[in-house]
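Q: Dropping a structure here in structure tokens format, bear with me for questions.
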Amino acid sequence: MKLSKFLKSIKPGKYGTPTNGALIAVVLFLGWLNYAVAWENMPVKDTVWALTPPLIAILMALVTREVYSSLFLGVLTGAMLNRDFDPINGINRLLPDGIIAVLSDRWNIGILLFLIILGTMVQMMNRTGGSAAFGAWASRHIRSRVWAQLATVLLGCLIFIDDYFNCLTVGSVMRPVTDKHRISRAKLAYLIDSTAAPVCIIAPLSSWAAAVSGFIKDENGISLFIQSIPFNFYALLTLAMIFLLTVLKVDYGPMLKHERNALGGDLFTYGKYRAPRAEASACAPKGRVADLVVPVVFLIIGCVIGMIYTGGFFSGKSFIVAFAESNASLGLAMGSFVALALTVAYYLVRRSTSFGDCMDCLPEGFRQMVPAILILVLAWTLKHMTDSLGAATYVAGLTAHAAGGLMNFLPAVIFVVAVGLAFASGTSWGTFGILIPIVISCFQGIDRELMVISISACMAGAVCGDHCSPISDTTIMSSAGAQCNHLNHVITQLPYALTVASVSFFTFLVAGFTRSALLSLSFGLAALLLQLWFFRRKGSK
């Protein structure tokens with residue numbers, strides 16, 4: 001059938017659903033792209049077309065609300081673009097040089113091992129009755145939805161070492177509490193996500209501070225990072241946002257529906273999808289709060305020691321230097337492995353459960369983390385494909401070209417570019433690596449104050465884009481920690497993140513001219529309060 005006849009045959013009742021319409025649009029677009037690349041020799045690498053794979057994955061995920069096939073379609077598009085739509089070479093790029101290469105990466109393997117160990121520990125906490133005991137204890141001390149949310153936020157702020165660790169630990173500990181007070185899983189995922197990267201990016205002792213300082217050459221990276229904290233408006237305003245939303249009891253957008261359904265007993269709001277069945281577990285009837293707290297303490301101490309060990313602390317380096325030079329993936333894997341061994345020993349000494357039951361938790365923990373692992377692997381592969389197409393080079397060129405005559409406007413411009421790059425690539429650290437060297441080269445020796453503000457804008461924009469992106473590993477981890485449907489988390493979080501992003505953009509405009517963190521942040525807080533007042537008034541009608 002010719003294309004013109006096919007288009008005429010499309011009827012609203014037949015192809016009119018959003019999913020079918022999106023699929024048809026993507027197929028037609030890829031057909032045109034195939035013709036342009038394979039037959040017209042249209043360049044792809046280091047051009048705007050290098051952003052095609054992540055954009056297809058993101059748009060399909062938002063339209064179809066099905067993340068696995070959307071990510072795979074983006075990965076497949078990247079593989080074919082890398083090989084000029086040659087089918088044989090494209091498949092080779094997809095598997096040996098794509099998914100298999102990602103699964104062979106030592107950093108990625110460390111993160112996956114950390115996920116599996118944490119899932120196993122959560123299963124052991126449930127089986128010994130520790131989670132139930134903590135939930136009962138929290139019910140006696142946390143007696144309202146507001147305090148349940150504030151406790152989640154406080155715990156998220158206290159665990160500032162690493163965002164992965166933050167997401168999964170806070171989710172494991174606070175799920176029984178938020179479920180008790182009928183807080184939706186989408187809201188829990190938002191609270192987790194908003195106290196993961198935004199807290200890590202303003203904490204000098206975190207894996208994020210180490211990553212940022214590593215991208216800063218010919219300067220004291222940690223010192224520059226600390227100077228940039230007061231100007232990191234997106235992170236600061238996000239923390240203010242979750243506090244105000246909780247205290248003022250404001251919800252809007254899709255989150256409002258989730259919260260109303262949660263009050264009626266539906267924590268998931270799956271719509272046509274059913275919530276997963278509650279697994280039958282042989283929980284110990286006499287579990288104690290210590291059965292949850294002690295393993296978490298083991299985990300925190302183990303991961304901190306693991307990270308500074310990889311940074312050379314026990315070889316004579318200072319704590320700060322060791323943390324800045326640590327390998328977060330290896331440190332988390334080593335620390336969690338030691339914590340798992342200590343937890344098993346603790347349960348056996350206390351006779352909370354048997355050794356056989358502890359070992360049964362291994363496959364259960366792995367099974368619990370399979371959805372997050374699958375999404376992570378596809379997201380990492382998509383980033384790998386996008387990087388090989390030169391998307392980073394294209395965006396870097398745009399930013400360097402725009403830096404010339406904007407100066408006072410540059411912090412706001414950098415913020416927008418960082419948001420777009422992090423959203424499309426799903427990575428904050430990659431965005432740091434691209435934009436921070438450009439910012440330093442533009443301002444070093446010329447205007448140090450504006451350089452600090454622009455570095456803050458880069459970090460803020462990277463966190464914002466990462467916060468919004470459905471292919472971000474932190475967003476995926478937050479969904480896993482809350483045990484929330486991933487697309488539900490993305491769709492409910494997006495309006496909140498965009499609210500703070502819009503306020504942050506204008507706050508960076510103010511900062512570019514005033515150079516004052518206090519004045520700019522005061523403007524941002526006032527603007528944020530005004531927006532929340534508007535949404536609250538609109539929701540009350």
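Q: Answer yes or no as to whether residue 377 is within 24 Å of the chain's Cα centre (by Cα), over 20 Å from residue 130 (Cα atoms), of a type in the set (A, V, I, L, M) and open to solvent by less than 30 Å² (accessible area, probe 1.4 Å).
A: Working: within 24 Å of the chain's Cα centre (by Cα): yes; over 20 Å from residue 130 (Cα atoms): yes; of a type in the set (A, V, I, L, M): yes; open to solvent by less than 30 Å² (accessible area, probe 1.4 Å): yes.
Here the answer is yes, as residue 377 does meet what is asked.
Q: Can you tell which of 137, 107 is open to solvent by 20 Å² or more (accessible area, probe 1.4 Å), more than 16 Å from residue 340 (Cα to Cα) and under 23 Å from the mean Cα position of the chain (by Cα)?
A: Details: 137 fails: under 23 Å from the mean Cα position of the chain (by Cα).
Every option except 107 fails the conditions.
Q: Could you list all residues from region 294-307 that are among the hydrophobic types (A, V, I, L, M, F, W, C) and in contact (Cβ under 8 Å) with a residue 40 or more places away in the chain? Talk me through it step by step, then tell me what you get.
A: Step one: filter region 294-307 for residues among the hydrophobic types (A, V, I, L, M, F, W, C), giving 294, 296-301, 303-305, 307.
Listed by number, the residues that qualify are 294, 296, 298, 299, 300, 303, 304, 307.
Q: While we're here: If a residue has to be farther than 29 Å from residue 212 by Cβ and open to solvent by 20 Å² or more (accessible area, probe 1.4 Å) to count, how many in region 151-184 make the cut? Don't jump to the end; show me each part of the working.
A: Of all residues in region 151-184, those farther than 29 Å from residue 212 by Cβ come to 151, 175-184.
Applying the additional criterion that residues be open to solvent by 20 Å² or more (accessible area, probe 1.4 Å) yields 151, 175-176, 179-182.
Of the residues in region 151-184, 7 are farther than 29 Å from residue 212 by Cβ and open to solvent by 20 Å² or more (accessible area, probe 1.4 Å).
Q: Can you pull out the residues in region 325-343 that are open to solvent by less than 30 Å² (accessible area, probe 1.4 Å) and part of a helix (DSSP H, G or I)?
A: Of all residues in region 325-343, those open to solvent by less than 30 Å² (accessible area, probe 1.4 Å) come to 326, 328-329, 331-333, 335-336, 339-340, 343.
Within region 325-343, 328, 329, 331, 332, 333, 335, 336, 339, 340, 343 meet the criteria.
Q: Among the candidates 483, 493, single out the residue that is of a type outside the set (Lys, Arg), at positive phi and under 17 Å from the mean Cα position of the chain (by Cα). If you could, list the steps in order and put the result at the bottom.
A: Values: 493 fails: at positive phi.
Criteria check complete, one pass: 483.
Q: With under 25 Å from residue 150 (Cα atoms), open to solvent by 40 Å² or more (accessible area, probe 1.4 Å), out of contact with any Asp or Glu (no Cβ under 8 Å at 6 or more places or on another chain) and modelled with pLDDT of 90 or more as the only criterion, which of 236, 188 stands out? Give the derivation first.
A: On the way: 188 fails: open to solvent by 40 Å² or more (accessible area, probe 1.4 Å).
Checking each option against the conditions leaves just 236.
Q: To continue, here is another question. Mind telling me which of the residues 535, 508 ends up being among the aromatic types (Phe, Trp, Tyr), more than 15 Å from residue 242 (Cα to Cα) and part of a helix (DSSP H, G or I)? Outline the logic, then answer.
A: Working: 535 fails: more than 15 Å from residue 242 (Cα to Cα).
None of the other options fit; the residue is 508.
Q: Please find, within region 358-369, the residue that is farthest from residue 52 (Cα to Cα) out of those that are open to solvent by 60 Å² or more (accessible area, probe 1.4 Å) and not acidic (Asp, Glu). Write out each step before concluding.
A: Residues of region 358-369 that are open to solvent by 60 Å² or more (accessible area, probe 1.4 Å), as a first pass: 359-360, 362-363, 366-367.
This time we only want the ones that are not acidic (Asp, Glu), so: 359, 362-363, 366-367.
Details: 359: 44, 362: 39, 363: 37, 366: 33, 367: 33 Å.
The extreme case among them is 359.
Q: Considering only region 308-315, I want to know if a residue exists there that is part of a helix (DSSP H, G or I), touching a residue at least 60 places away in the same chain (Cβ under 8 Å) and not β-branched (Val, Ile, Thr).
A: Checking region 308-315: not a single residue is part of a helix (DSSP H, G or I), touching a residue at least 60 places away in the same chain (Cβ under 8 Å) and not β-branched (Val, Ile, Thr).
Q: Could you list, in sequence order, all residues of region 265-285 that are loosely packed, with under 10 Cβ neighbours inside 10 Å and either at pLDDT 65 or above or of a type in the set (Phe, Trp, Tyr) (or both)?
A: Within region 265-285, 265 is the sole residue that qualifies.
Q: Would you mind stating whether residue 226 is closer than 30 Å to residue 321 by Cα, modelled with pLDDT of 90 or more, within 25 Å of the chain's Cα centre (by Cα) and open to solvent by 50 Å² or more (accessible area, probe 1.4 Å)? If you could, list the steps in order and put the result at the bottom.
A: Details: closer than 30 Å to residue 321 by Cα: yes; modelled with pLDDT of 90 or more: no; within 25 Å of the chain's Cα centre (by Cα): yes; open to solvent by 50 Å² or more (accessible area, probe 1.4 Å): yes.
Against the criterion (closer than 30 Å to residue 321 by Cα, modelled with pLDDT of 90 or more, within 25 Å of the chain's Cα centre (by Cα) and open to solvent by 50 Å² or more (accessible area, probe 1.4 Å)), residue 226 does not qualify.
Q: When region 84-95 is examined, which residues are found to be surrounded by 17 or more Cβ atoms within 10 Å (Cβ to Cβ) and outside any helix (DSSP H, G or I)? Break it down stepwise before answering.
A: Going residue by residue through region 84-95, those that are surrounded by 17 or more Cβ atoms within 10 Å (Cβ to Cβ) are 85, 90, 93-94.
Once the filter is applied, which keeps residues that are surrounded by 17 or more Cβ atoms within 10 Å (Cβ to Cβ) and outside any helix (DSSP H, G or I), region 84-95 yields only 85.
Q: Being at pLDDT 50 or above, in a helix (DSSP H, G or I) and open to solvent by 50 Å² or more (accessible area, probe 1.4 Å): is that true of residue 33 here?
A: Numbers: at pLDDT 50 or above: yes; in a helix (DSSP H, G or I): yes; open to solvent by 50 Å² or more (accessible area, probe 1.4 Å): no.
The answer is no for residue 33.
Q: A further question on this structure: Being buried (at least 23 other Cβ atoms within 10 Å of the Cβ) and either under 14 Å from residue 377 (Cβ atoms) or free of Cβ contacts under 8 Å to residues at least 12 places away in the same chain (or both) narrows it down to one residue among 119, 130, 98; which is it? Steps first, please.
A: On the way: 119 fails: either under 14 Å from residue 377 (Cβ atoms) or free of Cβ contacts under 8 Å to residues at least 12 places away in the same chain (or both); 130 fails: either under 14 Å from residue 377 (Cβ atoms) or free of Cβ contacts under 8 Å to residues at least 12 places away in the same chain (or both).
None of the others qualify; the one that does is 98.
Q: Turning to a different aspect of this structure: Considering region 344-376 alone, what residues qualify as being of a type in the set (Val, Ile, Thr) and part of a helix (DSSP H, G or I)? Outline the logic, then answer.
A: Quick first cut of region 344-376, residues of a type in the set (Val, Ile, Thr) only: 344, 349, 353, 370, 373, 375.
Across region 344-376, the qualifying residues are 344, 349, 370, 373, 375.
Q: Name the residue, out of 454, 540, that is at pLDDT below 90, open to solvent by less than 10 Å² (accessible area, probe 1.4 Å), out of contact with any Cys (no Cβ under 6 Å at 6 or more places or on another chain) and among the hydroxyl-bearing types (Ser, Thr, Tyr).
A: Details: 540 fails: open to solvent by less than 10 Å² (accessible area, probe 1.4 Å).
Being at pLDDT below 90, open to solvent by less than 10 Å² (accessible area, probe 1.4 Å), out of contact with any Cys (no Cβ under 6 Å at 6 or more places or on another chain) and among the hydroxyl-bearing types (Ser, Thr, Tyr) holds for just one of 454, 540, which is 454.
Q: What single numbered condition from (1) at pLDDT below 85; (2) assigned to a helix (DSSP H, G or I) fails to hold for residue 297?
A: (1)
Q: Select from region 480-497 the residues that are of a type in the set (S, T, N, Q) and at pLDDT below 90 and list them in ascending order. Walk me through how you get there before you give the answer.
A: From region 480-497, those of a type in the set (S, T, N, Q) are 483, 485, 488, 492-493; that's our starting set.
Listed by number, the residues that qualify are 483, 485.
Q: Can I ask one more? Search region 137-152 for residues that are over 15 Å from residue 189 (Cα atoms) and without any contact (Cβ under 8 Å) to a residue 40 or more places away in the chain and pair each with any residue that is surrounded by fewer than 21 Cβ atoms within 10 Å (Cβ to Cβ) and among the aliphatic types (A, V, I, L, M) when their beta-carbon atoms are under 6 Å apart and the residues are at least 6 apart or on different chains.
A: Taking only residues 6 or more apart or on different chains, the pairs are 142/151.
Q: In addition: Being open to solvent by 10 Å² or more (accessible area, probe 1.4 Å) and free of Cβ contacts under 8 Å to residues at least 24 places away in the same chain is true for just one of 501, 480, 517, 526. Which residue is that?
A: On the way: 501 fails: free of Cβ contacts under 8 Å to residues at least 24 places away in the same chain; 480 fails: free of Cβ contacts under 8 Å to residues at least 24 places away in the same chain; 517 fails: free of Cβ contacts under 8 Å to residues at least 24 places away in the same chain.
Among 501, 480, 517, 526, only 526 is open to solvent by 10 Å² or more (accessible area, probe 1.4 Å) and free of Cβ contacts under 8 Å to residues at least 24 places away in the same chain.
Q: Within the set of pairs 6+ apart or on separate chains, which have a first residue in region 69-90 that is free of Cβ contacts under 8 Å to residues at least 60 places away in the same chain, a second that is open to solvent by 70 Å² or more (accessible area, probe 1.4 Å) and of a type in the set (D, E, K, R), and C-beta atoms under 9 Å apart?
A: Pairs found: 89/83; 90/83; 90/84.
Q: Report yes if residue 535 is surrounded by fewer than 24 Cβ atoms within 10 Å (Cβ to Cβ), modelled with pLDDT under 90 and not aliphatic (A, V, I, L, M), otherwise no. Show your work before the answer.
A: On the way: surrounded by fewer than 24 Cβ atoms within 10 Å (Cβ to Cβ): yes; modelled with pLDDT under 90: yes; not aliphatic (A, V, I, L, M): yes.
It is true that residue 535 is surrounded by fewer than 24 Cβ atoms within 10 Å (Cβ to Cβ), modelled with pLDDT under 90 and not aliphatic (A, V, I, L, M).
Q: Here are some conditions: (1) over 30 Å from residue 486 (Cβ atoms); (2) modelled with pLDDT of 85 or more; (3) of a type outside the set (Ser, Thr, Tyr). Residue 323 meets all but one. Which one does it not meet?
A: (2)
Q: If we scan region 74-83, do we find a residue that is open to solvent by 10 Å² or more (accessible area, probe 1.4 Å), touching a helix residue (DSSP H, G or I) at 6+ places or on another chain (Cβ under 9 Å), at pLDDT below 85 and not in a loop (DSSP other than H, G, I, E, B)?
A: no
Q: On the basis of being at pLDDT below 80 and either closer than 24 Å to residue 198 by Cα or open to solvent by less than 10 Å² (accessible area, probe 1.4 Å) (or both), does residue 400 make the cut? First the steps, then the outcome.
A: Values: at pLDDT below 80: yes; either closer than 24 Å to residue 198 by Cα or open to solvent by less than 10 Å² (accessible area, probe 1.4 Å) (or both): no.
For residue 400, the condition - at pLDDT below 80 and either closer than 24 Å to residue 198 by Cα or open to solvent by less than 10 Å² (accessible area, probe 1.4 Å) (or both) - is not met.
The values are calculated or read from the model by the stated rules, or taken from the named source; none is laboratory data. Remember, it's a predicted structure, so these values are computed and weren't measured experimentally. Neighbour counts run over all protein chains shown; Cβ positions are idealised from the backbone, glycine included. Side chains are part of the model used for accessible areas, which takes the heavy atoms of the whole protein and leaves out ligands, DNA and RNA. Shrake-Rupley method; radii C 1.70, N 1.55, O 1.52, S 1.80 Å.
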